[in-house]
Amino acid sequence: VITMDKQNRKAIIAGNWKMNKTATEAKALISELIPAVKDAGCEVVICVPFTDLVTAVEMTKGTNIHVGAENVHFEKSGAFTGEISADMLTDLGVEYVVIGHSERRQYFAETNETVNKRTKAALAGGLKPIICVGEKLSEKQMGITEEIVCLQTKAALHGVSRTQLDEVVIAYEPIWAIGTGMTATPEDANQTIRAIRNAIRDVYGDVAQNIRILYGGSMNDKNARDLMAQSDIDGGLIGGASLVAEKFEKIVNYNR
Ligand code: PGA
């Protein structure tokens, strides 16, 4: 059932390139993407590695493609060798940033606390965070999915103001579904996303209706339409399928 609330939230299809594509390869893919997605009814975002950002921002100027980074540090500047600040990203023309992806939580010691710090730094710096939450297979099997994702969401948003909340995007990505070809069923994904929206409502009230919550995890050109038909799924965060122009094009045009 598509509700009025859903119609008020502009859908986002965001590519998450992860650690893929050199600047040379990015140039080739973006040249294919620009004409392929130009008539999209949704907002189109590509989140790309730091080394591809300049290329992506330059090439997408004047197009309907928005550019995001894959991470941001929480300090403004200083002795943090190897890190990238929000100002460095906004100065390039970057608009979005992925925060707290499960791969960062799993391999790079990202915690609910660092996700919260990065979220606040991103918002203070004028970036729109795409905050990732999701349960492990063992947590799903224990029946604690909703508790886990609501905890992650509330922790990520701690100290974020009601005004700042408008800029926030959440991506629900069950870890067992990422890169595995095992997508959550549209109904299950929708139910968990509703729980996330209710958790936001607990803290912020009815503005929770305006927040865009995406699904991610083996979303592709075959299953996008069914996922997007759900009442609370406002878009997708797409890994593997965002690296192939023809697949990303079909996801972006899920309505046709
Ligand atoms: P996938 O990745 O589409 O390759 O499963 C999604 C993600 O990790 O954002």
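The values are calculated or read from the model by the stated rules, or taken from the named source; none is laboratory data. Given the structure is predicted, the values throughout are model-derived calculations rather than measurements. Quick reminder, even Gly has a Cβ in these numbers, built from the backbone with ideal geometry, and neighbours come from all protein chains shown. The protein model used for the area step is the full one, side chains on, heavy atoms only, and it has no ligands, DNA or RNA in it. Shrake-Rupley method; radii C 1.70, N 1.55, O 1.52, S 1.80 Å.
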Tabulated pairs, segment 240-254, first in contact (Cβ under 8 Å) with a residue 40 or more places away in the chain and farther than 14 Å from A224 by Cα, second open to solvent by 10 Å² or more (accessible area, probe 1.4 Å) and not basic (K, R), C-beta under 6 angstrom, 6+ apart or interchain: L243/N20; A245/E32; A245/A36
message: Being in a helix (DSSP H, G or I), in contact (Cβ under 8 Å) with a residue 40 or more places away in the chain and touching a Phe, Trp or Tyr at 6+ places or on another chain (Cβ under 9 Å) is the filter here; which residues of segment 131-149 pass it?
response: V149
message: What are the pairs with Cβ atoms under 7 angstrom where one residue, in segment 87-115, is closer than 20 Å to G217 by Cα and within 16 Å of the ligand (Cβ to nearest atom) and the other, located anywhere, is assigned to a helix (DSSP H, G or I) and open to solvent by 60 Å² or more (accessible area, probe 1.4 Å)? Sequence gap at least six, or different chains.
response: E110/R104
task: Have a look at R194, R162, R212 and point out the one that is under 19 Å from Q7 (Cα atoms), away from the ligand (no atom under 16 Å from the Cβ) and in contact (Cβ under 8 Å) with a residue 24 or more places away in the chain.
output: R194
Matching entry among I84, I65 (being buried (at least 21 other Cβ atoms within 10 Å of the Cβ) and of a type outside the set (G, A, S)): I65
task: Scan K128, K140 and give me the residue that is at pLDDT 95 or above and open to solvent by 70 Å² or more (accessible area, probe 1.4 Å).
output: K140
message: Quick check on this structure: which one of Y254, Y215, Y172 is closer than 22 Å to H66 by Cβ, in contact with a strand residue (DSSP E or B) (Cβ under 9 Å, 6 or more places away or on another chain) and open to solvent by 20 Å² or more (accessible area, probe 1.4 Å)?
response: Y254
task: Just give me the residues in segment 197-209 being free of Cβ contacts under 8 Å to residues at least 24 places away in the same chain and either touching a Gly at 6+ places or on another chain (Cβ under 9 Å) or of a type in the set (K, R) (or both), in sequence order.
output: R201
message: On the basis of being assigned to a helix (DSSP H, G or I) and among the hydrophobic types (A, V, I, L, M, F, W, C), does L237 make the cut?
response: no
query: Taking segment 37-58 on its own, how many of its residues are open to solvent by 50 Å² or more (accessible area, probe 1.4 Å) and closer than 13 Å to K27 by Cα?
result: 3
- request: Kindly check whether there is at least one residue in segment 229-248 that is of a type outside the set (D, E), open to solvent by less than 10 Å² (accessible area, probe 1.4 Å) and more than 15 Å from the ligand (Cβ to nearest atom).
  value: yes
task: Determine, yes or no, whether R118 is within 16 Å of the ligand (Cβ to nearest atom), more than 23 Å from D232 (Cβ to Cβ), part of a helix (DSSP H, G or I) and open to solvent by less than 80 Å² (accessible area, probe 1.4 Å).
output: no
statement: Note: among M59, M19, just one is over 24 Å from I178 (Cβ atoms) and of a type outside the set (G, A, S), namely M59
- request: Determine the pairs where a residue that is at positive phi, located within segment 224-238, has a partner that is not in a strand (DSSP E or B) with Cβ atoms under 8 Å apart, the partner being 6 or more residues away or on another chain.
  value: G235/A11; G235/C42; G235/M228
